[in-house]
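Below: the structure, in structure tokens.
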There are 2 protein chains.
Amino acid sequence: MVISLKDVAKRAGVSVKTVSNVVNGYRHVTPATRQRVQQVIDELGYRPNLTARHLRKGRTGIIALALPELGNPYFAELANAVINYAAGLDYIVLLDPTNGRRDQEILFAQGFRARLIDGLILSPIELENEDLLARGHDAPLVLLGEREYEAPHDHIAIDNVAAARTATQHLLDLGRERVAFIGARQGRSRQPAHLRLRGWREVMSETAAGGGDDLVATTDGYGREDGAQGMARLLDSGAAPDAVFCYNDVVAIGAMRTLAERGLRVPEDVAVVGFDNIEDGRYCSATLTTIAPHKQAIAEAAVDALLSRLDGAEEEKEAAPRHVRPGFALIRRESTLGRP
Amino acid sequence: MVISLKDVAKRAGVSVKTVSNVVNGYRHVTPATRQRVQQVIDELGYRPNLTARHLRKGRTGIIALALPELGNPYFAELANAVINYAAGLDYIVLLDPTNGRRDQEILFAQGFRARLIDGLILSPIELENEDLLARGHDAPLVLLGEREYEAPHDHIAIDNVAAARTATQHLLDLGRERVAFIGARQGRSRQPAHLRLRGWREVMSETAAGGGDDLVATTDGYGREDGAQGMARLLDSGAAPDAVFCYNDVVAIGAMRTLAERGLRVPEDVAVVGFDNIEDGRYCSATLTTIAPHKQAIAEAAVDALLSRLDGAEEEKEAAPRHVRPGFALIRRESTLGRP
DNA sequence: CTGAAAGCGCTTACAG
DNA sequence: CTGAAAGCGCTTACAG
């Protein structure tokens, strides 16, 4: 049988209001009353019904985090950070994999799970600007990852172009000349992949090798296998890269696997830089140099932005959309060992 | 402004019951009425308030999945499988990292988030039998991973001893003689790590090397760094292993990193077997041989078990606790290349 | 096939 | 400091 506030109140000989006060730790309850009520609560094993509280308060304390997938350690690590940080602020996180599919992203963007979640952090892949505009203005939405949307939402993203430039320049500074890029998905042009490609192109176009497509391997996805195949195509094409900047670390890990299979050494024959700084990168046969977005800062900025819309002062809630740019760092490891 | 059923009913000129019927797709509504109501719903942008539904139905359609952490790809992959499988059955999954801490595990086991979740799948690390018994019988609980609990709960776990025997025997079949084990945590004796150690010991004790502690590196945790350090200690101790069976794949990846740093080749100098079959294992410099628990089967068995307690026929709900043992397979890759 | 009404278990003005 | 009562927005017997 389920125990309600009323049961506790009856047994303790007080009103439900008083029990509620005790449960919620409000002052203005005499110690004697508090103790008596608490004892009955323990005796009966009463637990507040969260769904009733949610209905009454119009809030659930639940926020959703919609990410492409957990199979990519970057997202898994980010999810971990968001969940733990939010928990410290008494918010529960509902994790929803979108599988990078537009229909799923639209679902979330447009107010799926109405009133079950107070707000949403969404890391879109395929979502378009128009999908966002069609949104039946519901719970606050924070966008994660650099996309160029015009919709009025808070946005958390590092500067992908600058990061890509940093990575590419690092490879050039090593004395490499034919620096390739793996990972620009075909199609939509506003995705982070294209921003990273743009950064690469900006730097490479000023070199002898140029920023042409011969040194670019476009992939369909962003997984290990995509990296392995992209590297293989690059090698087969005769592009003869002596370095490669990969869209992310798992793509880089896939690429390094292909290099190993072809008997090429990292970094002697081909230097490699990834992106994300996932833990695996520190345990590869050649540990992986990478761009490290400040993951914790991203997680905190996203949650803070959302909660300021939820719990902030009125002027904070109504403030213009903010664009937060957490920092990044180049972390140098064995895969780019060399002179500088 | 928030639109309620009542608003829709008023505007459509019907009762709330009828709107509810339309929203929930019940038959017994004339097509004309249905259409009219649907139109008003679209016009007003009405979305059912899930929290009200939850309170009324006494059910939320949410189940919790409490795992140690998402940083280990095995758990991330498993979480993905559970979330997707549950979604197909119209259940939402709330993911809760316990960080492998007993206090957190107790929290969940004992009915945290009462009535917000319909049931719980818990993968315990430190939880003790007594913690489970103290449980104020709340939502159904399914245990994941092989622990020897006496409490009456459904339990999903592969046969760890058999799997460990398979892995160890595989290394012996290769002609290796000094097969080490990395990963048995000190302390509690009922954890999977000890079952895997037991499997290793059973097989090794019949060999010349024996199943003694000289070939065992105990670790505090189950991460990459634990594997790296465990391998280093094994090497420094003079145990001179020519093969190693690791508690899991990330431990194995850490161990392989140490081997590379010491200039030892895999598998020529030291053959390696992991456990979990995480995707990373297919992209190591020597791809990793591993025990592959049937992850999808585990996810499905866990969800099915829980839902049968929730939605099953009466005799199913009351059935004695079930112990489901999904299968496993040895997946052979480069890290144990060799004769057989 | 549709309506009027009760009630899920809380919290919160409103009184006292 | 405490109580009696309304109401959050649904669903569901109960009537008709």
field: Qualifying positions in the range A:2-18 - within 9 Å of DNA strand C (Cβ to nearest atom), under 16 Å from A:G45 (Cα atoms) and not hydrophobic (A, V, I, L, M, F, W, C)
entry: A:S4, A:K6, A:D7
- prompt: Does the range B:109-125 hold any residues that are among the β-branched types (V, I, T) and within 11 Å of another protein chain (Cβ to nearest Cβ), and which are they?
  reply: B:I117
query: Would a scan of the range A:50-59 turn up a residue that is more than 10 Å from chain B (Cβ to nearest Cβ) and either buried (at least 22 other Cβ atoms within 10 Å of the Cβ) or not aromatic (F, W, Y) (or both)?
result: no
- prompt: So which residues in the range A:60-91 are within 7 Å of another protein chain (Cβ to nearest Cβ), aliphatic (A, V, I, L, M) and not in a helix (DSSP H, G or I)?
  reply: A:L70
task: Quick one: A:I106 ticks every box in (1) facing chain B (nearest Cβ under 9 Å); (2) surrounded by fewer than 23 Cβ atoms within 10 Å (Cβ to Cβ) except a single one, so which number is it?
output: (1)
message: Take the conditions within 11 Å of DNA strand C (Cβ to nearest atom) and of a type in the set (S, T, N, Q) and apply them to B:N21. Does it pass?
response: yes
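Among the residues in the range B:35-43, are any part of a helix (DSSP H, G or I) and of a type in the set (D, E)?
Initially, the range B:35-43 is screened for residues part of a helix (DSSP H, G or I), giving B:35-43.
Now drop any that are not of a type in the set (D, E), which leaves B:42-43.
Yes, because at least one residue in the range B:35-43 is part of a helix (DSSP H, G or I) and of a type in the set (D, E).
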message: So in the range B:24-46, with the set limited to residues that are within 7 Å of DNA strand C (Cβ to nearest atom) and of a type in the set (S, T, Y), which one is nearest to the other protein chains (Cβ to nearest Cβ)?
response: B:T33
query: Among the listed residues B:A66, B:A139, which satisfies the condition of being within 16 Å of DNA strand C (Cβ to nearest atom) and touching a strand residue (DSSP E or B) at 6+ places or on another chain (Cβ under 9 Å)?
result: B:A139
field: Search result, residues across the range B:9-24 that are more than 8 Å from DNA strand D (Cβ to nearest atom), buried (at least 18 other Cβ atoms within 10 Å of the Cβ) and assigned to a helix (DSSP H, G or I)
entry: B:A9, B:R11, B:A12, B:T18, B:V22
- request: Of the numbered conditions (1) touching a residue at least 60 places away in the same chain (Cβ under 8 Å); (2) under 13 Å from B:A302 (Cβ atoms); (3) not hydroxyl-bearing (S, T, Y), B:A64 fails exactly one; give the number of that condition.
  value: (1)
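Residue-wise test of (1) on the phi > 0 side of the Ramachandran plot; (2) free of Cβ contacts under 8 Å to residues at least 60 places away in the same chain.
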{"residue": "B:N99", "(1), (2)": "yes, yes"}
{"residue": "B:D118", "(1), (2)": "no, no"}
{"residue": "B:A134", "(1), (2)": "no, yes"}
{"residue": "B:V142", "(1), (2)": "no, no"}
{"residue": "B:L174", "(1), (2)": "no, no"}
{"residue": "B:E177", "(1), (2)": "no, no"}
{"residue": "B:F181", "(1), (2)": "no, no"}
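Since every read-out is calculated from the coordinates, none of them should be taken as a lab result. For clarity, every value in this text was computed on a predicted model and none was experimentally measured. Reconstructed Cβ throughout: ideal geometry from the backbone, glycine too, with neighbour counts over all protein chains shown.
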